[in-house]
Amino acid sequence: GFFCAIFAALLGWKQIFAEHYRDLNAFLIHRPATRNQMFWAKAAAGIVVYLSATGFPLLCLAAWAQHPGHLAVPFEWQMAIPAFGLCGSGLVFYFAGMLTGLRQARWYVSRGLGLAAAAVVCLAVAMSSSLWQPVVAVGIALVVLATAAWGAFETSGYFEGQPAPGK
């Protein structure tokens with residue numbers, strides 16, 4: 001879970017923060033694509049990279065542990081729920097990292113608020129015992145943080161002029 005959170009937050013932050021160097025963002029917004037299209041293309045690419053780096057190895061580990069003889073205990077799919085829940089909460093950290101990279105604010109005030117919200121979701125997922133609790137927590141947090149990151153991307157990180165859902 002710790003690896004997933006750190007990797008996802010750094011991936012989201014690096015994907016956005018790299019555009020601040022030499023004002024690459026000004027170059028990108030003059031392309032024949034809307035900001036909305038650019039944001040969702042970046043998000044889709046980041047999600048694919050994240051799931052390739054964390055989800056695929058986790059699936060391979062679960063498939064390996066499922067076969068008898070590899071572990072000294074019987075395998076139940078319910079034992080894998082916390083691991084998959086923490087992997088899913090990494091997607092929340094991805095959008096929190098994007099939001100942190102986008103916000104034009106002090107790092108110790110509102111810039112880190114998305115990371116704090118993602119940490120609360122990760123804690124809730126780690127404490128859950130059934131399947132529906134992590135799915136609901138991650139789903140709600142994904143909608144909230146993805147919308148906040150989209151709103152910040154629309155205005156280059158400034159609060160003024162953000163769409164109402166992004167606020």
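Surface listing: M98, M38, M127 arranged by accessible area from highest to lowest gives M127, M38, M98, probe 1.4 Å. Note on W40/A62: beta-carbon distance plugged into 1/(1 + (r/R0)^6) with R0 of 25 Å gives a FRET efficiency of 0.25. Subtracting the Cα-Cα distance of H70 and S129 from 0.36 nm times their residue separation leaves 18.7 nm of extension gain.
To the nearest Å, what is the center-to-center distance of the stretch 43-98 and the stretch 119-149, using C-alpha atoms only? Result: 15 Å between the Cα centres. In this structure, A33 and T147 have a Cβ-Cβ separation that, at R0 = 25 Å, corresponds to a calculated FRET efficiency of about 0.80.
The values are calculated or read from the model by the stated rules, or taken from the named source; none is laboratory data. The structure displayed is predicted, hence computed values, not measured ones. Ideal geometry is used to build each Cβ from the backbone, glycine not excepted, and the neighbour counts take in all protein chains shown. These accessible areas exclude ligands, DNA and RNA; they are computed on the full protein's heavy atoms, side chains included. Shrake-Rupley method; radii C 1.70, N 1.55, O 1.52, S 1.80 Å.
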